[in-house]
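Take a look at the structure set out below.
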Amino acid sequence: MFGIFDYVKLAVGVLAGLFLYHLYALSIGYPSAAREARAGYVLIAEKTAAEAKAAEMERQRNAAAQATEEHRKRLEAAESQSAKSEITREAEIRGYELILSQKNRQCVADRDDVDFVNRH
């Protein structure tokens, strides 16, 4: 059916088509290579984003722990200061009561009255 020249023309056409595809692929880059490069880039970008997110979470956790520790220290200092002022106040009350008892006077104020005066 086909002559030898027809087969030669067919082979030349196939080779020309492959050559043109090769030139096209070289001019825009091989699509499979571009896909692989993009896939690799996506993996690297996702990894970098995950590492940045983990680092930010660790930074926030460390900052929260530091803030909690500072708050605990301030609370302890405030509690010790409150205890010292309570001791001082109680000593002053006892001193005033002693002075009153030495002068044969009485303080008719009860504990509720003393607490009211201390609060206001």
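Structural remarks
- Glu76 meets the stated requirement of being in a helix (DSSP H, G or I), among the charged types (D, E, K, R), open to solvent by 80 Å² or more (accessible area, probe 1.4 Å) and out of contact with any Asp or Glu (no Cβ under 6 Å at 6 or more places or on another chain).
- Residues located in region 46-73, provided they are open to solvent by less than 100 Å² (accessible area, probe 1.4 Å), within 30 Å of Arg119 (Cβ to Cβ) and of a type outside the set (D, E, K, R): none
- When we screen Asp110, Asp115 for residues that are surrounded by fewer than 10 Cβ atoms within 10 Å (Cβ to Cβ) and of a type outside the set (Ser, Thr, Tyr), the only hit is Asp110.
The values are calculated or read from the model by the stated rules, or taken from the named source; none is laboratory data. These figures come from a predicted structure and were not determined experimentally. So basically every Cβ, Gly included, is an ideal-geometry build from the backbone, and we count neighbours across all protein chains shown. Side chains are part of the model used for accessible areas, which takes the heavy atoms of the whole protein and leaves out ligands, DNA and RNA. Shrake-Rupley method; radii C 1.70, N 1.55, O 1.52, S 1.80 Å.
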